[in-house]
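Here is the structure we will look at.
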Amino acid sequence: LDGRPDEEAWQKAAVISNFCDSYNIYEQKAITEMRFLVAEETLFVAISAKIPPERTEVNWADDLGERDSLLWNRESAELFFVGQDKECYQFIVAPNGRIADFKFPAENITAALKWNAQDLQFKVLREDTTWTAEIAIPLSNLTFAKPPQDCDFIVNFSRNHRFRDAQDKAWKWEQSCWLPTYGPFHSYDKFGKMHLTK
């Protein structure tokens with residue numbers, strides 16, 4: 001993994017894009033694309049996140065720890081993998097080499113963060129108006145007491161983009177999703193289905 005998903009294998013990966021506002025109302029100017037493929041019992045994820053050039057001040061996570069910081073309030077992307085009974089694995093990656101992984105249900109965020117995916121690998125590259133990431137998640141981490149009945153995972157994917165508006169100097173937030181949740185990102189009943197092709 002080098003953080004730049006330009007290898008030929010990614011051209012054959014499943015692609016999702018056209019992320020929408022989490023309430024499916026507002027236009028999203030921070031464009032996000034994700035790619036997925038499976039090899040050697042590992043789910044590989046590529047993220048391409050563009051930043052509008054006029055948004056020169058972005059809320060990066062440079063001041064946070066490398067593992068298990070609260071990244072959703074900063075520039076980041078999120079992955080959700082859900083089974084039955086709301087059992088969920090969540091990953092958040094930020095473009096300065098930060099990652100957080102969670103398992104729900106849990107008593108609170110601190111308890112959810114105690115779970116760490118084994119042998120997780122990732123690499124992120126940040127440039128002026130874009131950042132990219134490659135993540136390798138061994139499928140052995142994504143097991144459920146009650147797996148979904150008609151797919152491998154119930155899923156959604158999201159992007160957090162917090163920036164200072166150049167005109168009014170106020171901090172603003174674009175929260176986009178593959179599928180709109182019409183509320184919190186953990187609205188599992190609004191998620192879609194993922195079928196793995198090995």
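The values are calculated or read from the model by the stated rules, or taken from the named source; none is laboratory data. Worth saying up front: this structure is predicted, and the values here are computed from it rather than measured. We place every Cβ from the backbone using ideal geometry, glycine too, and count neighbours over all the protein chains shown.
Of everything in the stretch 45-70, what is of a type in the set (D, E, K, R) and assigned to a strand (DSSP E or B)? Give them in sequence order. Answer for the stretch 45-70, where residues must be of a type in the set (D, E, K, R) and assigned to a strand (DSSP E or B): Lys50, Arg67.
Do you know which residues across the stretch 160-173 are under 10 Å from Glu75 (Cβ atoms) and not basic (Lys, Arg)?
First pass over the stretch 160-173, keeping only residues under 10 Å from Glu75 (Cβ atoms): 160-163.
Asn160, His161, Phe163 - these are the residues of the stretch 160-173 that are under 10 Å from Glu75 (Cβ atoms) and not basic (Lys, Arg).
Scanning the stretch 75-126 for residues that are on the phi > 0 side of the Ramachandran plot and modelled with pLDDT under 95 yields a total of 3.
Give the residue, chosen from Pro138, Pro147, that is touching a residue at least 12 places away in the same chain (Cβ under 8 Å), surrounded by fewer than 16 Cβ atoms within 10 Å (Cβ to Cβ), of a type outside the set (Gly, Ala, Ser) and touching an Asp or Glu at 6+ places or on another chain (Cβ under 7 Å).
Numbers: Pro147 fails: touching an Asp or Glu at 6+ places or on another chain (Cβ under 7 Å).
Within the list Pro138, Pro147, the selection yields Pro138.
Residue pairs whose Cβ atoms lie under 6 Å apart, sitting 6 or more positions apart in sequence or on different chains, and linking a residue in the stretch 30-50 that is buried (at least 21 other Cβ atoms within 10 Å of the Cβ) to a partner that is among the acidic types (Asp, Glu) and in a strand (DSSP E or B), are Ala46/Glu134.
All of (1) aromatic (Phe, Trp, Tyr); (2) assigned to a loop (DSSP other than H, G, I, E, B); (3) surrounded by 22 or more Cβ atoms within 10 Å (Cβ to Cβ) hold for Phe80 with one exception: (2). Of Ala111, Ala117, all but one fail to be without any contact (Cβ under 8 Å) to a residue 12 or more places away in the chain and over 14 Å from the mean Cα position of the chain (by Cα); the exception is Ala111. Of the residues Lys86, Lys193, Lys103, Lys172, only one is charged (D, E, K, R), surrounded by fewer than 17 Cβ atoms within 10 Å (Cβ to Cβ) and within 17 Å of the chain's Cα centre (by Cα); which? When all the criteria are applied, what remains is Lys193. With respect to the conditions (1) acidic (Asp, Glu); (2) closer than 19 Å to Pro184 by Cβ; (3) crowded, with 17+ Cβ neighbours inside 10 Å, Glu75 falls short on a single one, namely (2). The set of residues from the stretch 11-25 being in contact with a strand residue (DSSP E or B) (Cβ under 8 Å, 6 or more places away or on another chain) and more than 16 Å from Trp131 (Cβ to Cβ) comprises Lys12, Ala13, Ala14, Val15, Ile16, Cys20, Asp21, Ser22.
Would you tally the residues in the stretch 106-128 being surrounded by 18 or more Cβ atoms within 10 Å (Cβ to Cβ) and part of a loop (DSSP other than H, G, I, E, B)?
If we filter the stretch 106-128 for residues that are surrounded by 18 or more Cβ atoms within 10 Å (Cβ to Cβ), which is where we start, we get 112-113, 117, 122, 124, 126.
Checking the rest, the ones that are also part of a loop (DSSP other than H, G, I, E, B) come to 117.
Counting residues in the stretch 106-128 that are surrounded by 18 or more Cβ atoms within 10 Å (Cβ to Cβ) and part of a loop (DSSP other than H, G, I, E, B) gives 1.
Do we find a residue being farther than 20 Å from Lys123 by Cα, modelled with pLDDT under 95 and among the aromatic types (Phe, Trp, Tyr) anywhere in the stretch 26-43? Scanning the stretch 26-43 turns up at least one residue that is farther than 20 Å from Lys123 by Cα, modelled with pLDDT under 95 and among the aromatic types (Phe, Trp, Tyr).
Name every residue in the stretch 45-83 that is under 17 Å from the mean Cα position of the chain (by Cα), more than 17 Å from Met34 (Cβ to Cβ) and aliphatic (A, V, I, L, M), in order of residue number. Walk me through it before giving the result.
Step one: of the stretch 45-83, the residues under 17 Å from the mean Cα position of the chain (by Cα) are 45-51, 59-61, 66-82.
Next, from what is left, pick out any that are more than 17 Å from Met34 (Cβ to Cβ): 59-61, 66-70, 73-74.
Within the stretch 45-83, Ala61, Leu70 meet the criteria.
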